[in-house]
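Accompanying notes for the structure given below.
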Amino acid sequence: MGYFTGRTAVITGAGSGFGLEASRIAAREGMNVVMADVMPEPLAKAAAEIEALGAQVLPFQLDISLAERVQALADATVARFGAPHFVFNNAGVGLGGLIWEHSVRDWDWIVGVNLMGVAHGVRVFTPLMLEAAKHDPGYRGHIVNTASMAGLVNMPNQGAYNVTKHAVVSISETLYQDLALVSQQVRAHVLCPYFVPTGIAHSERARPGAMREEAAPTPSQRAAQLMSEKAVSSGKVSAADVAQFVFDAMESGRFYIFSHPNERALGPVGVRGDDIVKMRNPTDPFAHRPDLAARLREALEG
């Protein structure tokens, strides 16, 4: 039997992107799969596909920003399969624009999903996994939180997204250290993807009505949307590749999971670290691509 066979995965954002691809791998590995998503139709379609692969599937529609719904997800998981072995706090949304132009609704939405959704997942599922480990020496648990390369650098015109993804990296690193104090059977990991073709550039479709902004997008917000669509759609690493990286990291015990572990992607991370160590003002992220900076400034002028 393989490492994951017979175990249970809980995956948020399972209706598309990394979540759906992780569900496919989990099914092929012989896992039970709890698939959660905010959008009922994509979730139903995805769940039917994973069931057809032979997996036992529990679909669960929820908004991860709501603490009571995440608790209900955990309760349903335990009732059906027991404590999970893999929790993928993966659901997230994108939002761009100059940081002072984000409205209160913008902040409430993106912080609720990207930050509090992960916090709820950690808060609710970690105790279940630690309890399972107490009673079973063979139990192995993994909590994987989806952040972004935006959680390690700060590109302009992406303020709210940067803030939430930095917070997810912080939660994940702290969780890793806290778990090391109490257990060798439950581990934390953080996924930091670069540009990968997923639905993140069209997050607005999942935005609840009460969180929608009535005002027209500003030039900076329109520019962020266009640049995000172009960058994401041009990615050469697939969501399926990234999902496999997640499973590989769990099996090997690796904490940081990068979709593009090369100098081009990680170079800005090193530059930022060097800025901090040398107490240097933040380096221009477009220093090597002045054409991009010029296009962004032009877009900001409307």
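If you take the residues of the stretch 167-184 that are among the polar types (S, T, N, Q) and without any contact (Cβ under 8 Å) to a residue 24 or more places away in the chain, which of them is surrounded by the most Cβ atoms within 10 Å (Cβ to Cβ)?
Of everything passing the filter in the stretch 167-184, Ser170 is surrounded by the most Cβ atoms within 10 Å (Cβ to Cβ).
Output the number of residues of the stretch 112-156 satisfying the condition of being assigned to a strand (DSSP E or B), free of Cβ contacts under 8 Å to residues at least 60 places away in the same chain and aliphatic (A, V, I, L, M).
1
Based on what the data block shows, is Lys230 among the charged types (D, E, K, R), in a helix (DSSP H, G or I), free of Cβ contacts under 8 Å to residues at least 60 places away in the same chain and farther than 30 Å from Ala180 by Cα?
yes
Condition test on Ile257, is it out of contact with any helix residue (DSSP H, G or I) (no Cβ under 8 Å at 6 or more places or on another chain), β-branched (Val, Ile, Thr) and at pLDDT 85 or above?
For Ile257, the condition - out of contact with any helix residue (DSSP H, G or I) (no Cβ under 8 Å at 6 or more places or on another chain), β-branched (Val, Ile, Thr) and at pLDDT 85 or above - is not met.
Is it the case that Ala72 is in a helix (DSSP H, G or I), within 20 Å of the chain's Cα centre (by Cα) and not basic (Lys, Arg)?
no
Output the residue which, of all residues in the stretch 162-211 that are under 15 Å from Val93 (Cβ atoms) and basic (Lys, Arg), is nearest to the chain's Cα centre (by Cα).
Only one residue fits best here, namely Lys165.
Of the numbered conditions (1) outside any helix (DSSP H, G or I); (2) within 19 Å of Pro197 (Cα to Cα), Val242 satisfies every one except a single condition; which is it?
The number of the failed condition is (1).
Given the condition farther than 26 Å from Phe125 by Cα, surrounded by 20 or more Cβ atoms within 10 Å (Cβ to Cβ), of a type outside the set (D, E, K, R) and under 18 Å from the mean Cα position of the chain (by Cα), answer yes or no: does some residue in the stretch 237-255 qualify?
Within the stretch 237-255, not a single residue is farther than 26 Å from Phe125 by Cα, surrounded by 20 or more Cβ atoms within 10 Å (Cβ to Cβ), of a type outside the set (D, E, K, R) and under 18 Å from the mean Cα position of the chain (by Cα).
Yes or no: the stretch 21-35 includes at least one residue that is among the polar types (S, T, N, Q), over 16 Å from the mean Cα position of the chain (by Cα) and closer than 21 Å to Ile143 by Cβ.
Yes, because at least one residue in the stretch 21-35 is among the polar types (S, T, N, Q), over 16 Å from the mean Cα position of the chain (by Cα) and closer than 21 Å to Ile143 by Cβ.
I'd like the full set of residues that are under 14 Å from Met149 (Cβ atoms), in a loop (DSSP other than H, G, I, E, B) and of a type outside the set (Val, Ile, Thr), limited to the stretch 178-196.
Pro193, Tyr194, Phe195
Of all residues in the stretch 265-296, how many are assigned to a helix (DSSP H, G or I), over 25 Å from the mean Cα position of the chain (by Cα) and at pLDDT 90 or above?
Number of matching residues: 4.
Filter the stretch 185-236 for residues that are of a type in the set (Ser, Thr, Tyr) and closer than 18 Å to Gly13 by Cα; which is surrounded by the fewest Cβ atoms within 10 Å (Cβ to Cβ)?
Only one residue tops the list, namely Ser203.
Out of (1) in contact with a helix residue (DSSP H, G or I) (Cβ under 6 Å, 6 or more places away or on another chain); (2) part of a loop (DSSP other than H, G, I, E, B); (3) of a type in the set (Val, Ile, Thr), what's the single condition that is false for Val237?
(1)
Any residue at all in the stretch 253-264 that is in a helix (DSSP H, G or I) and more than 24 Å from Val93 (Cα to Cα)?
Within the stretch 253-264, one or more residues are in a helix (DSSP H, G or I) and more than 24 Å from Val93 (Cα to Cα).
Take the residues of the stretch 197-227 that are free of Cβ contacts under 8 Å to residues at least 24 places away in the same chain and not in a helix (DSSP H, G or I): which is farthest from Gly112 (Cα to Cα)?
Ala216
The values are calculated or read from the model by the stated rules, or taken from the named source; none is laboratory data. Computed from a predicted structure; not experimentally measured. Ideal geometry is used to build each Cβ from the backbone, glycine not excepted, and the neighbour counts take in all protein chains shown.
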